[in-house]
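Chemist: Take a look at this one; I'll ask things after.
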Amino acid sequence: MKRSAHAIIDTAALRHNLARCREVAPNSLAMAVIKANAYGHNMLKAAETLSHANGFAVSCLQEALELRQARFIHPIVVLQGFHTMQSMKAIAEHRLRAVIHDRHQLELLDSAPASVKLDVALKLDTGMHRLGLPIEQARTLFERLSKHPNIKPTPWLMTHMACADEPENPHTQQQLERFAKYTDGLQAPRSIGNSASILAWPESHVNWVRPGIMLYGSSPFAHGNARRDGLEAVMTLSAPLVAIHTIPKGESIGYGASWTCQEDTRTGVVACGYADGYPRHAPTGTPVWINGKESRILGRVSMDMIVIDLTAIEARVGDQVELWGKHLSVDRIAQAAGTISYELLCNAGNQCQHTYV
C-alpha cells in the first residue's frame, strides 16, 4: 500500500557526501555505514550508489547476508559480531569481518571447529561503555586473537567515540589518548572515526573511517549545519496538500486545541503525519517549505495529517509540501521536535515509499 507521503533519494548527493568524507580524511579508507536500512534510505540501493566505497559496515549478520546475496563483494564489517556458533560459522562462510566486543565471543571462538577461519576487529572500550572490551587489556587481547587458530591475520583494532558531536567536550580527546596509549606498537589496521570524528577530529583519521549520518546529508554535530560541513541533503520528504481552509480568529486547530488563531488564518492540510515517520512532537512553528516559501506547522501533528500556515502563500490542493530535504535541513526539524536527524530519517525512510533519482 502506497501512502501519499514519499521520500525522494538523491543519489548524486549520496555520492557527494562520500566524496566529502574522502576530502576531509584523504589518507583513510572509507567504510560506508549502511546499517538500519541505510538510515532509512534503502540499504541495497545505497550500497549500489556507494559501490565505490572501500567497504561497508552493518549492524547485524542478516544485513550483511542481504548484501552478499545481492552480490556485493566489498569488505563488510558486522558491528554486533556473532552471538552463536551458527552465526560465527555464517560470518566465516560469507567472508565477513566480525567485531569482537564481548567475553562470550571469545569463549565461542575457543570452542569453534578448526575449519572456521574468521576475519575480526577487536573493539576496545575507551569510554563509550556500550560495546567493547576493556582498553587496558588491548595488548593481551590482541596477542590472544593474533595467535588464535580460528583467526585470520591480522585482527583490526576499533573504538567508538561517545561525544565527538560536541567539539568542545574533552571526552573525545581523552578517548583518543587512551586508544593511542594502550595500542601503541601493535601492528594492526585501526578504525576510530565516525561522522563527527571525521569532520572535527583529525586524530581519528587512521586506516579506516566509518562515515554514517554524514553520508545522508545531516550534520553529526549538536546544532550543526550540514551545508557548512559541506554536505548535501539526500532524502527529501514531501506530501501533497489535500485541503485548504480559512479558520476564523479565535478558533483552535487540531487535537487538544493547542493553537488558536490570532486572526483569520488560511491553512492547508498536508497528507503526512506520525504514521509516515514525521515526528509527532514537532511543535507549532516547525518549518515546512511550499512553492518557494518557508511556512510553519500549526497545532499538533496527527497520525496522517499536518496543518500548515498558508498566510501570504499561493497554493492549491495537490501542491507538494517539503517536510525536509533540499530547502529545509532535516536537522532543523529534528531540533524543533527535540530529537535527532537519525531518528527522523530512519522512521520516515522505513515507512514511506522511495523514489531514487
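The values are calculated or read from the model by the stated rules, or taken from the named source; none is laboratory data. Everything numeric here is computed off the predicted structure, so don't read it as measured data. Here Cβ is always computed from backbone atoms with ideal geometry, including for glycine, and neighbour counts include all displayed protein chains. Keep in mind that these areas ignore ligands, DNA and RNA; they rest on the heavy atoms of the full protein, side chains included. Shrake-Rupley method; radii C 1.70, N 1.55, O 1.52, S 1.80 Å.
Chemist: Starting at the first residue of the range 314-325, write each ³J(HN,Hα) from the Karplus equation 6.51 cos²θ - 1.76 cosθ + 1.60 with θ = phi - 60°, in whole Hz, x for Gly and Pro.
Modeler: My calculation for the range 314-325 gives 7, 7, 10, 4, x, 5, 7, 10, 8, 8, 6, x Hz in order.
Chemist: So how many Lys-Lys pairs in the chain land under 28 Å Cα to Cα, not counting same-chain pairs under 8 apart?
Modeler: For the chain, the number of qualifying lysine pairs is 25.
Chemist: Under the rule of at least 5 residues apart or a separate chain, name every residue whose amide H is placed under 5 Å from the amide H of residue 102.
Modeler: For residue 102, no residues qualify.
Chemist: Leaving out ligands, DNA and RNA, and with a 1.4 Å probe, what % of the accessible surface on the chain is carbon or sulfur?
Modeler: On the way: 7940 of 15810 Å².
Roughly 50 percent of what the probe reaches on the chain is carbon or sulfur.
Chemist: At 0.36 nm per residue, minus the direct Cα-Cα distance, what do residue 203 and residue 143 gain on full extension? Give it in nm, one decimal, please. If you can, show how the numbers build up before the last one.
Modeler: On the way: separation 60, 0.36 × 60 = 21.60 nm, distance 2.46 nm.
This chain segment gains 19.1 nm when fully extended.
Chemist: To the nearest 0.05, how large is the calculated FRET efficiency for residue 110 and residue 263 if R₀ is 56 Å and r is the Cβ-Cβ distance?
Modeler: Details: r = 74 Å, r/R0 = 1.32.
Efficiency for this residue pair is about 0.15.
Chemist: Could I ask something else about it? Which option, (i) 1.02; (ii) 1.13; (iii) 1.56, is the value of Cα Rg over 2.2 N^0.38 Å that was calculated from these coordinates?
Modeler: Correct label, based on the coordinates given: (ii).
Chemist: Rounded, prolate or oblate: which fits the range 4-66, taking a ≥ b ≥ c as square roots of the Cα gyration tensor eigenvalues, rounded meaning a/c under 1.5, else prolate when a/b beats b/c? Don't skip to the answer; put the middle values down first.
Modeler: On the way: a/c = 2.46, a/b = 1.22, b/c = 2.02.
In terms of gyration-tensor shape, oblate.
Chemist: Report the gain in length on full extension from residue 129 to residue 313: 0.36 nm times residue separation, minus Cα-Cα distance, nm rounded to one decimal. Walk me through the numbers on the way to the answer.
Modeler: On the way: separation 184, 0.36 × 184 = 66.24 nm, distance 5.01 nm.
Length gained between residue 129 and residue 313: 61.2 nm.
Chemist: Report the gain in length on full extension from residue 117 to residue 180: 0.36 nm times residue separation, minus Cα-Cα distance, nm rounded to one decimal.
Modeler: That works out to 19.8 nm of additional length.
Chemist: To continue, here is another question. If amide hydrogens are placed 1.01 Å from N in the peptide plane, which non-local residues have theirs closer than 5 Å to the one on residue 258?
Modeler: 253, 300
Chemist: A further question follows. Within the chain, what's the longest run with no GluC sites (Glu not before Pro) in a DSSP loop and at most 10 other beta-carbon atoms within 10 Å? Give the range, please. Mind showing how you got there, number by number?
Modeler: Values: sites that count: 168, 263, 314.
With a cap of 10 other Cβ atoms within 10 Å, the longest stretch comes to 1-167.
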